[in-house]
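The values are calculated or read from the model by the stated rules, or taken from the named source; none is laboratory data. As the structure is a computational prediction, the values presented were derived from the model and not from experiment. Note: ideal-geometry Cβ built from the backbone for every residue, glycine included; neighbour counts use all protein chains shown.
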Amino acid sequence: MRAIHKGFSDLSKGDFACCQRSFTEADVARFANVIGFNPYGFIKEGIVPIMLVASMISKVLGMQLPGPGSSVELFQEMEFISPTFIGDTVQAKVEIKEKLQKYHHVLFKTTCIKQDGSTAIDGICRMKVLVS
Amino acid sequence: MKEYEIKKFDEIAVGDSAWMRRTITEADIVNFAGVSGDFNPIHIDELFARDTMFKGRIAHGFFTASFISNVIGNQLPGPGGVYVKQDLRFTAPVRVGDTIATRVEVIDKIPEKKRIILKTICTNQDDNEVLVGQAEMLVLN
């Protein structure tokens, strides 16, 4: 299989992609095992580690928009607005805000919104697209 | 059972630092793909990855970023701190076999907002930076 490249010219301002996920206690325990920390505090308070929630953003960027193979994540800025609790369903959304022709950089608005409409993570991401 | 020690805002000083180090394995990448749902072929498909600028599989950026939250959450400021902000600049790829050192250092304190600002840096075995950034924590104690 060859890499499917989505080029800079295939991307437009306003393009967006989303993914959705509900978090379970098992997710938290598993994430703790993979990263290497004690999940006791998180499980006791029912909180989902923020990096597990944030990983949804790079999942959407990497698998959907711009998708695999053609781009590199350069910079990500995240503000953690409110905690995500075990049982919450989160939607991660990435939306193209700006295209910088000169460097083939694309600026995304990246958000994670919970089922009640409140924001878990608000941020931006800058990617470099390697293919024209 | 003894609960975790919670650091107070006044106990934290500019210049305080903490770190961890870990070698990245094949299993780490597969496990992180499973737990995050991020099965981007750049991480899990060698033939696909070989065809990209990276010339082979790389670890998830958020796997490395999780080391930062690990050091912050467990050591500095540790339990009781509220993660408010994190900037990440991905400066080089991380591959299986790389040994990543993650270091966080307090670079500023904002007493009126009970915030501490930390510089967060991940470097590989060649001392090259792979992930640099800044974190902001709220320490209410």
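For the range B:21-74, the set of residues classified as surrounded by fewer than 21 Cβ atoms within 10 Å (Cβ to Cβ) and in contact with a Cys (Cβ under 9 Å, 6 or more places away or on another chain) consists of B:37 only. Just one of the numbered conditions (1) in a loop (DSSP other than H, G, I, E, B); (2) within 24 Å of residue B:128 (Cα to Cα) is not true of residue B:43: (1). Considering only residues in the range B:28-38 that are at the interface with chain A (Cβ under 7 Å from one of its Cβ atoms) and within 19 Å of residue A:61 (Cβ to Cβ), the one that is nearest to the chain's Cα centre (by Cα) turns out to be B:32.
When each of B:63, B:90 is tested for being more than 7 Å from every other protein chain (Cβ to nearest Cβ), at negative phi and of a type in the set (Phe, Trp, Tyr), the lone residue that passes is B:63.
Do we find a residue being crowded, with 22+ Cβ neighbours inside 10 Å, modelled with pLDDT under 95 and assigned to a helix (DSSP H, G or I) anywhere in the range A:62-81? Within the range A:62-81, one or more residues are crowded, with 22+ Cβ neighbours inside 10 Å, modelled with pLDDT under 95 and assigned to a helix (DSSP H, G or I). Condition check for residue A:31 on (1) at the interface with chain B (Cβ under 7 Å from one of its Cβ atoms); (2) over 17 Å from the mean Cα position of the chain (by Cα): one failure, at (2).
If the condition is being modelled with pLDDT of 95 or more and part of a helix (DSSP H, G or I), then the range A:1-41 contributes A:25, A:26, A:27, A:28, A:29, A:30, A:31, A:32, A:33, A:34, A:35.
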